[in-house]
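Bear in mind these aren't lab numbers, they're just calculated from the coordinates by the rules spelled out. What you see is a predicted model, and the numbers here were worked out from it, not measured in a lab. All Cβ positions, glycine included, derive from the backbone under ideal geometry; neighbour counts span all protein chains shown.
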Amino acid sequence: MGTFADLIHELGMLAHTPRSGLPFLGSGRQSVAEHSHRMACIALLLARRCGQPVDEARLLKLCLFHDLPEARTGDQNYVHRKYIAVDGGRLRADLAAASPIGPELVALIEEFERGQSLEAQLARDADQIELLALLREQADLGNPRADAWMDSCLLRIRTAAGQALAAEVRATPADEWWFHDKHDAHWVHGKG
């Protein structure tokens with residue numbers, strides 16, 4: 001049986017694991033850990049907007065651990081998944097034995113993958129909205145492929161709360177949060 005220290009070090013590997021689909025886009029860089037952090041934040045926002053009771057602790061666990069297997073397998077993008085089969089049984093068995101909470105982590109990963117609970121549906125939508133935000137950033141920087149990728153990303157969002165938030169993210173320039181008042185004295189004269 002592994003230890004909590006082993007799990008901490010394994011989680012650290014996600015900061016060194018790149019999102020593998022971005023080379024196909026032609027721009028952008030992000031680690032799996034960066035993705036999981038923003039995804040968890042998005043999921044909490046979705047929980048507050050969905051209009052139903054949500055187990056926020058469970059939702060956040062789903063987001064934080066859904067990509068833990070990628071510390072062992074790397075990030076398998078949509079092209080890789082067409083040709084490479086991961087030994088899921090062995091992966092789950094190894095993850096279950098890797099830490100004192102291994103069986104709980106495997107159950108969370110399986111719940112995320114099934115996508116049946118409300119929390120799993122929100123987590124899966126948050127996963128796509130996080131990608132959508134990254135694509136919006138790349139579109140704003142001039143990547144001509146990002147719009148088509150955003151279109152397909154939007155098709156994977158299932159909940160009403162997710163669809164509404166995704167529409168907002170797609171319509172809002174990535175710099176709007178800090179540069180919305182372009183005529184402010186700070187931007188015009190360099191003073192606050």
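How many residues are within 16 Å of the chain's Cα centre (by Cα) and surrounded by fewer than 18 Cβ atoms within 10 Å (Cβ to Cβ) when one looks only at the stretch 134-153?
2
Working only within the stretch 1-43, note down all residues that are out of contact with any strand residue (DSSP E or B) (no Cβ under 9 Å at 6 or more places or on another chain) and assigned to a loop (DSSP other than H, G, I, E, B).
M1, G2, T3, S20, G21, G26, S27, G28
In the stretch 165-176, what count of residues is obtained for those that are assigned to a helix (DSSP H, G or I) and either touching a His at 6+ places or on another chain (Cβ under 9 Å) or free of Cβ contacts under 8 Å to residues at least 60 places away in the same chain (or both)?
So the count comes out to 7.
Out of curiosity, is A5 closer than 26 Å to V79 by Cβ and either surrounded by 14 or more Cβ atoms within 10 Å (Cβ to Cβ) or among the hydrophobic types (A, V, I, L, M, F, W, C) (or both)?
no
Which residue, of I129, I109, is within 23 Å of I42 (Cβ to Cβ), touching a Gly at 6+ places or on another chain (Cβ under 8 Å) and not in a loop (DSSP other than H, G, I, E, B)?
I129 is the lone residue from the list that is within 23 Å of I42 (Cβ to Cβ), touching a Gly at 6+ places or on another chain (Cβ under 8 Å) and not in a loop (DSSP other than H, G, I, E, B).
State yes or no: is S27 in contact with a His (Cβ under 8 Å, 6 or more places away or on another chain), under 23 Å from A146 (Cα atoms) and surrounded by 13 or more Cβ atoms within 10 Å (Cβ to Cβ)?
No: the conditions fail for S27.
Give me the pairs, please: first residue somewhere in the stretch 135-164 and closer than 22 Å to A123 by Cβ, second residue anywhere and not in a helix (DSSP H, G or I), beta-carbon distance under 7 Å, and either six or more positions apart or on two chains.
Going by the 7 Å Cβ cut-off, the qualifying pairs are R136/A174; E137/A174; T159/C50; A161/C50; Q163/I157.
Just for the stretch 168-177: of the residues that are touching a helix residue (DSSP H, G or I) at 6+ places or on another chain (Cβ under 8 Å) and within 30 Å of P53 (Cβ to Cβ), which one is surrounded by the fewest Cβ atoms within 10 Å (Cβ to Cβ)?
T172
Would it be correct to say that S99 is touching a helix residue (DSSP H, G or I) at 6+ places or on another chain (Cβ under 8 Å), farther than 30 Å from A167 by Cα and in a loop (DSSP other than H, G, I, E, B)?
Yes.
For C41, indicate whether it is crowded, with 18+ Cβ neighbours inside 10 Å and under 29 Å from V169 (Cα atoms).
no
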